[in-house]
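Written below as structure tokens is the structure these notes are about.
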Amino acid sequence: MGLVDGKAGIVTGAAGGIGRACALGLAREGGSVVVTDLASQRAEGEETVRLIADAGGRAVFVAGDVTDEQDQRRLVQECVSAFGRIDFAHNNAGVELTATVEDTTVEDWDKVLAVNLKGVWLGIKQQMAEMRTQGGGSIINTSSLAGVMAFRGIAAYVASKFGVIGITRAAALEGADAGIRVNAIVPTAVRTPMIERFDPQLQDHLIAPHAIKRMSEPSEVAEAVVWLASDRSSLVTGTQFSLDLGTTAGYSS
């Protein structure tokens, strides 16, 4: 019996990277998954669904924009329609921007905050409403190491990921009476296609602050998400669940 056997839910940004790994992990542990990403990522999202089906799991792809409240509502409705309920949600979709405070444009600021923070808030808003009607659920939001400590040159991203921690804590307090748990994961330097495009020197720079001197794998992040989605983590809510290879423990480089 899997950790989320019989449960159903949503993973946003699941066309690749962390989102795909988490959708696969949840399905492998018995969960039925609404895989969602932008319409422009349909082919990659449907590939995630195919990988789940090939492994014997259940999944559907639903295109959606996390910054659109109607799309967020529709994702929840599609989950309930396809699988009868929504027990977990992983609000994972995000974008990055390399720019200092002074160099960030208003347009870029708005885009990053819209996807990374507004998108998480809209997801929680719709997911909690449905979870209240069925007696509970688990929501997991993707923050970042840049959500607990600042880095130069990614100002809007830092602001958005700090915000994810804040909305996670607020939602955890407000959902507790309905049996809804809300947590944030805090990964760093995950071996995704984006990071693999970086030159080796930059990759070494990312690893340098880690106590454990390596990158993490998307499948390792998925292990934490699956646990947080499961009843095994019944005492855990309002946390920032660190997957930072010891970076915040202290200076190690």
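Just so it is clear, none of the values below were taken in a lab; they were calculated from the coordinates. Nothing here was measured: the structure is a model prediction, and the numbers come from that model. With ideal geometry, Cβ positions are generated from the backbone for all residues, glycine too; neighbour counts draw on all protein chains shown.
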On Cα atoms only, tilt of 42-54 relative to the major axis of the chain in degrees: 60
Percentage relative contact order, the chain, counting C-alpha pairs under 8 Å, at least six apart: 20
Among 195-202, 110-117, the order from most to least packed when residues are scored by Cβ within 10 Å on average: 110-117, 195-202
GNM result for the chain, Cα springs below 10 Å: residue of GLY84, GLY64, GLY13 fluctuating most strongly: GLY84
GNM result for the chain, Cα springs below 10 Å: residue of ALA27, ALA150, ALA224 fluctuating most strongly: ALA150
ALA170-GLU220 FRET efficiency (beta carbon distance; Förster radius 25 Å; 0.05 resolution): 0.35
Antiparallel bridge percentage (DSSP; both residues within the chain; nearest 5): 0
Dipole axis of segment 1-77 (+1 Lys, Arg; -1 Asp, Glu on Cβ), positive-most option in ALA43, ALA59, VAL11: ALA59
